[in-house]
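Structure first, commentary second.
The values are calculated or read from the model by the stated rules, or taken from the named source; none is laboratory data. A quick note: this is a predicted structure, and the numbers were derived from the prediction, not measured. Virtual Cβ from ideal backbone geometry, glycine too; neighbours counted across all protein chains shown. Just so you know, the surface numbers come from the protein's heavy atoms only, side chains and all, with ligands and any DNA or RNA stripped out. Shrake-Rupley method; radii C 1.70, N 1.55, O 1.52, S 1.80 Å.
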Amino acid sequence: MPRVKSSRSSPSKSPAPQGRAGVVRIISGQWKGRKLPVRDVEGLRPTTDRVKETIFNWLAPHVRGARCLDLFAGSGGLGLEALSRYAEQVTLIEMDKGAADQIRKNLAVLGSSQGQVIQADAVSWLQGPVTPFDLVFLDPPFRRELLPQVCDLLEQRGWLAPDALIYLEREKEMADLALPASWQLLKDKQAGQVCYQLYLRDTRNDAAV
């Protein structure tokens, strides 16, 4: 898989509108410009168009034909964007029933059979049967300390293909996040209190030990 050059500085993610349903817009691909409803769920932070454009510019050479995991799917915006850009298959994990049901409805509206929505707790689901993924989106609820356990489970249980890419979004104050040794930082951007990072799982050094 080709390397991605590192860069810095990025826009931040805005919170979802409170008290009403919002929309998620697909930026590019086969469903470019489509607007889909988002369930109003406490703590849900749909990724803004500007941030999604940044993420998928990073990932442009790698999405088509990829098997993707959107582990904290929320609005489904990242997983749906990957499908629009011809990912082979996207598994979307979302704990909230209303949010999961809305993603299923949006997939039906789009006529997509490549998206699978699973209503489940992410940590519990990662302890089940394993299928390796080429691309993983990690955007968990902030300040719940989920990332360390989730990242360890992804690596140790075999959820990641040898050259998998991992997009990770976290709060700025989580400065000492311990990640698997095989995860190589490719992109690191920050805006306000939010950090956006892209990692490559590079196992070649492990094999040489």
For segment 184-189, Karplus couplings with θ = phi - 60° (6.51, -1.76, 1.60), whole Hz, Gly/Pro x: 9, 6, 9, 9, 8, 10
Taking amide H atoms as placed 1.01 Å from N in the peptide plane, list the residues 5 or more away in sequence, or in a different chain, whose amide H sits under 5 Å from that of residue 160. 133
Search the structure for amide H atoms under 5 Å from the amide H of residue 69, placed 1.01 Å from N in the peptide plane, and list their residues when 5 or more places away or on another chain. 91, 135, 136, 137
Can you work out the Karplus-derived ³J(HN,Hα) for every residue in segment 164-170? Use 6.51 cos²θ - 1.76 cosθ + 1.60 with θ = phi - 60°, whole Hz, and x for glycine or proline. 5, 9, 10, 8, 10, 10, 8
Accessible area of segment 21-201 belonging to carbon and sulfur atoms, whole % at 1.4 Å probe: 46 percent
List the GluC sites (Glu not before Pro) within segment 85-159 that fall in a DSSP loop (any state other than H, G, I, E or B) and whose Cβ has at most 14 other Cβ atoms within 10 Å. 88, 145
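Can you tell me what the convex hull of the Cα atoms of segment 96-209 projects to on average, as an area in nm²? Please list the in-between numbers first.
Values: hull surface 34.2 nm².
The number I arrive at for segment 96-209 is 8.6 nm².
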Which ³J(HN,Hα) values, rounded to whole Hz and listed in residue order, are derived for segment 121-127 from phi using the Karplus coefficients 6.51, -1.76 and 1.60 in 6.51 cos²θ - 1.76 cosθ + 1.60 with θ = phi - 60°, glycine and proline given as x? 6, 4, 5, 5, 5, 5, 8
By accessible area (1.4 Å), largest first, 131, 54 order as 131, 54
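With Rg and the Kirkwood Rh both taken from Cα atoms, where does Rg over Rh land for segment 21-201? Present the calculation step by step, with values, prior to reporting the outcome.
Working: Rg = 15.0 Å, Rh = 16.2 Å.
Dividing the radius of gyration by the Kirkwood radius yields 0.92.
Loop-only check: which trypsin sites (Lys or Arg not before Pro) in segment 25-109 are DSSP coil with at most 13 other Cβ within 10 angstrom? Intermediate results must be reported in sequence, preceding the final value.
On the way: sites: 25, 32, 34, 35, 39, 50, 52, 64, 67, 85, 97, 104, 105; in loops: 32, 34, 39, 64, 85.
Answer in residue order: 32, 64.
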Greater than 28 Å apart at Cα, pairs in 32/105; 35/97; 97/189; 105/187; 32/189: 97/189; 105/187
Nonlocal amide H pairs with residue 28, under 5 Å, H built at 1.01 Å: 33
